Every structure is written in structure tokens, then in C-alpha cells.
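Quick notes on the structure that follows.
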Amino acid sequence: VKNSKKYEWSIWDDTKIHVGTFWDEEIQNNIEDCNVALLLVSIGFMSSNYIREKEFNVFKQKYEEKGILIFPIVFNPCDFNQWEDLSKLQFYKPSGKEYGKAEIEDFTYGDLFKFIETNGTLIPNPNIDRYHINLFNKIESSFTEFLNRRKRETENIVNNIKGLFTISG
């Protein structure tokens, strides 16, 4: 996303929390400041009570109150339908056909990675870059649509307020 010509993205994740910092407070402050939440959904994500209660529910509340873009990505195979609110979101789920994996119906990011079993070395996959480019383009276009929708909603509110104060003689 650093190559975006439309937006200046600032990316934060919990690896930026310094030792000795109250991590919950740091996470909550950054959630409060965000406009886009990328959810890397996996079994670990789904099994975390902290993520569900302190992150996802806050993102959902922010979405309902003032609007943020929640962008869920199926990172590794999992049953995200276990969370009713999460399952209602449109996920970024590309087709495996785009990445030479037509036999995989529910393609995930993790499907791009293969390792040599004897030593754990990553086997290079040129489709990883293609996936990143497609993902970035989808994030950027979704954020643009999100901003346009917010602008239209604000204009509608302003127009409705103007209508309330119209006086005819």
C-alpha cells in the first residue's frame, strides 16, 4: 500500500507495541484512530476472545456509529460463520483459478505457501505478488467506494436539514 497514488496509508499492527507499554490501551487507541480494519481471519482469529470482544466488536460499533471500512480476508481455512456478525460481512475471497489453484474452492492466503518438508524452506511462488497486487487494488477501490458512500450520505443529511428550514411565504 506504500505505492498508492490515491491515499497515504499508515499501517499499524500490534508488533509496533513497545516493551513496557500497556498493550490493551495501545491497541484501543489505534483502533479508535483507524479508518480501515483489515481482519486476517484464521482459526487463531476465531478462537481469540480478545479479538472478538475488544477488537471486532469495537470495529463493528465504529462502523455503525461513524463508519469505518471493515475488510475481512480469509487468511487460513476456518469457519467464519461461527460469528454471526462476521459472517454477514463480504469477505475478500479470491478464486484459486487466479493463482493456479483451480481445485481449491475456498482459496485462502495460506494456500499460496508451500514448504520443503525436510527443512521448512519456503518454495518460491510468483502468485504471491499477484495476490498482493489484487488485494491492494481491492482495498483501495473498496475504500474509495466507502468514502463516496459517506459523502453521499452526508449530502443527503444536509439536503434533508435544508428542507426542514425551508420557509415559504
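The values are calculated or read from the model by the stated rules, or taken from the named source; none is laboratory data. Just so we're clear, the structure is a prediction, and the values are computed from it rather than from any experiment. FYI the Cβ positions are ideal-geometry reconstructions off the backbone, even for glycines, and counts take in every protein chain you see. In case anyone asks, the SASA skips ligands and DNA or RNA and just uses the protein heavy atoms, side chains included. Shrake-Rupley method; radii C 1.70, N 1.55, O 1.52, S 1.80 Å.
Overview of results
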quantity	calculated
Partner aspartates and glutamates for LYS66 [C-alpha distance under 14 Å; skip if fewer than 8 residues away on the same chain]	GLU32, ASP33, GLU153
Above-threshold pairs, the threshold being 18 Å between Cα atoms, out of LYS6/LYS138; LYS2/LYS138; LYS16/LYS93; LYS60/LYS88; LYS93/LYS151	LYS16/LYS93; LYS93/LYS151
Accessible-area composition of region 5-91, carbon plus sulfur, in percent [1.4 Å probe]	49 percent
Aspartates and glutamates whose Cα lies under 13 Å from that of LYS5, excluding same-chain neighbours fewer than 8 positions away	GLU140
Accessible area (Å², 1.4 Å probe, nearest 10) - GLU98	90 Å²
Dipole magnitude (debye, nearest 20) for region 105-146, charges at Cβ of Lys, Arg, Asp, Glu	160 debye
Relative contact order of region 1-68, defined on C-alpha pairs under 8 angstrom at six or more residues apart (%)	27 percent
Nonlocal amide H pairs with ALA37, under 5 Å, H built at 1.01 Å	LEU69, ILE70, PHE71
Relative contact order computed over the chain (Cα-Cα under 8 Å; 6+ residues apart), in percent	15 percent
Per residue accessible area in Å² of region 1-141, where ligands, DNA and RNA are left out and the probe is 1.4 Å	68 Å²
Packing-based order for 49-61, 114-126, using average beta carbon neighbours within 10 Å, highest first	49-61, 114-126
Label selected from (1) 22, 17, 17; (2) 33, 17, 13; (3) 36, 21, 17, the criterion being semi-axes √(5λ) of the Cα gyration tensor in Å as computed here	(3)
